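Report on the structure given below.
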Amino acid sequence: MFTPAGHTVETISVLLVEDQPGDAGLVTRALGGRRGQFEVTWVETLAHALKLLAEMRFDVVLLDLSLPDSQGFPTIGVIRRAAPTVPLIVLTGLSDNDMALAAVEAGAQDFLVKGEFEDAMIERAVRHAIARGQLEERLRRSEARLKNILDLAHDAVVSVDAGQRIVLFNPAAELMFGYRTDEILGEPLSRLIPEPLHARHSAHFGEFLRNAVTSQVMADRPEVSGRHRDGTGFPVEISLSRSAGPEGPIFTAMIRDITGRKRTEAELVLLATTDPLTGIANRRHLLDCAEREMARLRRSGTPFSLIMADVDHFKRINDTYGHAVGDEALMLLASAFRPVIRENDLAGRMGGEEFAVLLPEAREDEAVAVAERVRHHVAGLRLPAMSAAGAPDAGIRFTVSLGVAEGRRDDSRIEQPLARADQALYEAKAAGRNRVMRAGAARELVAPLAAP
């Protein structure tokens, strides 16, 4: 219908559930006199009300809690289950604030005392109940959308209160950490953090609690890790935010397990720093590490040395047994470094049959001793093989020649000590192979073994 001003007025459909005809008449007359804005349907029993709610649409329910077939607050629950989104106003003959509060907590939008309301009051109550019901319905839908987002999120979402007690734990968090939501809610956040990181986490959380910042990405912090229920740790990336809760601030973390990313990064680093044939450091990685040692030498005087090593008569091995066996000889040599060099030393393949060893914090004399251990160890190795003609061979014996050089503070580039070590290696080759030579030395340092 239209008002005189030309505005459309929607009729509000009211279901009145009241077994007392006098009280029902008061409500009907109060709403019926509002210029056709209300359409009241009156029933006397809960059963009849439920039947109508299943068949028709109502904008609001006015409910007496004392009916022939239902008594008290359980009546509210029955109506709520039948029509969860329809606003509900409780009618009672008792003026009791505690009862009013209990009715609202049970699911009613409002509470009216029979005989104490005027026509305008009941109209206002109905309109307010509808408005409140609409707001509550929007809130329910918003919460449902949020729950759906949280349930479908691939990242774990964990919220805690200011006391670091878990108040939200989505399905992705259950999968990530191995806990069910019902068993982790209310538990301390420390259950999800490796024990060695508890103190550091508490410090970071306290800092964030005091800070005015409302969000922060923690991926740049060292050793950001989660702890699975079985005790295993795993790397994570965390975005932390703060929001206001009914009982204080709520802190929400979006957590991403980056185990796969870390594995990929490690594989990429391995590919970038490792020689694909031998599995030891490649030329670039060894030179990068040597540059750092040279910088440390210039800065603090910490010494370092280099060993250059080359397989003797490698062409003969390739020509006699084939390149596949030559590759096996190189792999055998690479594996021979680890047992004899020091723990902090780095062996690398420079190319072809040429290898190098970086010795941090080592003087030339120490490097010579290491080089001699390498030479002696390699001379005792045997590589099973077949000759190029296919005949069995008792085993290939090969040796290495080595040159040693110590870094100098006046070296401007790493190529300078490398060139000195390489020159010493050349002198070892020229002197008969299978020996160690010191850079600039005019004599061999170690008596050679018999040539292979």
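Only the coordinates and a few stated rules stand behind these numbers; no lab work does. Values in this document were obtained by computation on a predicted structure and should not be read as measured data. Here Cβ is always computed from backbone atoms with ideal geometry, including for glycine, and neighbour counts include all displayed protein chains.
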Fill in: Top positive-direction residue, dipole computed over the chain with Cβ charges, set Thr85, Leu270, Val311
Val311
Practice prompt. Return a whole-number percent for the relative contact order of the chain, with Cα pairs under 8 Å and 6 or more residues apart as the contact set.
Written response: 8
Worksheet entry | Gyration tensor (alpha-carbon) shape descriptor, the stretch 274-438, a/c threshold 1.5 | prolate
Worksheet entry | Rough spin-label spacing in nm, given labels placed 7 Å along Cα→Cβ, for Glu291 and Ser335 | 3.3
Discussion item. Just to be sure I understand the model, the point goes 7 Å from the Cα along the line to the Cβ. What's the resulting Ser190 to Arg373 distance in nm?
Written reply: 4.5
Fill in: Stokes-Einstein D for the stretch 278-374, Kirkwood Rh over Cα pairs, 20 °C, 1.002 mPa s (µm²/s)
152
Practice prompt. With both partners inside the chain, how many of the DSSP beta bridges are antiparallel, as a percent to the nearest 5?
Written response: 70
Worksheet entry | Correct choice for mean projected area of the Cα convex hull in nm² that was computed from the model, options [x] 26.4; [y] 39.6; [z] 21.4 | [y]
Worksheet item: Given H placed on each backbone N at 1.01 Å, which residues far from Val40 in sequence or on other chains put an amide H within less than 5 Å of it?
Response: Val14
Practice prompt. Take the Cβ-Cβ distance between Arg261 and His48 as r, set R0 to 51 Å, and report the resulting FRET efficiency rounded to the nearest 0.05.
Written response: 0.20
Item to complete: Work out from phi, with θ = phi - 60° and the Karplus expression 6.51 cos²θ - 1.76 cosθ + 1.60, the ³J(HN,Hα) of each residue of the stretch 271-282, listed in order in whole Hz, and give x for Gly and Pro.
Response: 5, 7, 10, 10, 6, x, 7, 9, x, 9, 4, 8
Discussion item. From the alpha carbon gyration tensor of the stretch 153-261, can you work out the equivalent ellipsoid semi-axes (sqrt of 5 times each eigenvalue) and give them in Å, largest to smallest?
Written reply: 19, 17, 13
Worksheet entry | the stretch 12-149: Cα Rg divided by the 2.2 N^0.38 Å rule of thumb | 1.02
Worksheet item: What length, rounded to one decimal in nm, is gained on full extension from Arg298 through to Ala244, with 0.36 nm per residue of separation minus their alpha-carbon distance?
Response: 13.9 nm
Practice prompt. Excluding residues on the same chain fewer than 8 positions from Lys315, give the lysines whose Cα lies under 18 Å from its Cα.
Written response: Lys429
Discussion item. With only alpha-carbon pairs counted, each pair once and no self-pairs, how large is the Kirkwood hydrodynamic radius of the stretch 264-327 in angstroms?
Written reply: 14.5
Worksheet item: With each pseudo-label sitting 7 Å past Cα toward Cβ, what's the Thr181-Arg140 distance in nm, one decimal?
Response: 1.8
Worksheet item: Hey, got the dipole for the chain? About the Cα centre, +1 on K and R Cβ, -1 on D and E Cβ, debye to the nearest 20?
Response: 1900
Practice prompt. Could you go through the stretch 66-82 in sequence order and give the Karplus-derived ³J(HN,Hα) for each residue, using 6.51 cos²θ - 1.76 cosθ + 1.60 with θ = phi - 60°, rounded to whole Hz, and x for Gly and Pro?
Written response: 10, 10, x, 10, 6, 10, x, 5, x, 4, 4, x, 5, 4, 4, 5, 6
